[in-house]
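Notes to accompany the following structure.
The values are calculated or read from the model by the stated rules, or taken from the named source; none is laboratory data. Computed from a prediction, not measured in an experiment: that's the story for all the values here. Don't worry about glycine lacking a Cβ; one is built from the backbone with ideal geometry, like all the others, and counts go over all protein chains shown. Only protein heavy atoms, including side chains, enter the accessible area calculation; ligands, DNA and RNA are left aside. Shrake-Rupley method; radii C 1.70, N 1.55, O 1.52, S 1.80 Å.
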Amino acid sequence: MQLLNTLYVTTPDAYLHLDNDTLRIEIEHETKLRVPLHHLSAVVCFGHTLVSPGLMHRLADEGKSLVLLDAHGRFKGRL
């Protein structure tokens, strides 16, 4: 059985990018978190969060959601 988890990113100015088969989150050029993509079903970003095009393409290719919300939690878009 595989658990499908959602990653919520609430830290302002976080940078999410793809590192092989891992989603890596950097804050002020320091790696704060690494999560294997096969553990995730969705990524939700609050506020000013940077997402690399490579990660966006990979999430789309695998049918995983990328949801963008503003800093107050209002919906902006979904990939």
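What relative contact order, as a whole-number percentage, does the chain give when Cα pairs under 8 Å and 6 or more residues apart are counted? Each step should come with its number before you reach the end.
On the way: 153 pairs, mean separation 23.0, N = 79.
Here the relative contact order equals 29 percent.
What does the accessible area per residue of the chain come to in Å², with a 1.4 Å probe and no ligands, DNA or RNA counted? Write out the running numbers ahead of the final one.
On the way: 5150 Å² over 79 residues.
With all protein chains present, the chain gives 65 Å² per residue.
To the nearest whole percent, what portion of all C-alpha pairs in the chain is separated by more than 21 angstrom? Write out the running numbers ahead of the final one.
Numbers: 620 of 3081 pairs.
When all Cα pairs of the chain are counted, 20 percent exceed 21 Å.
Between K76 and H29, take the C-beta separation as r, use R0 = 22 Å, and let me know the FRET efficiency to the nearest 0.05.
Working: r = 26 Å, r/R0 = 1.17.
Once the sixth-power term is evaluated, E becomes 0.30.
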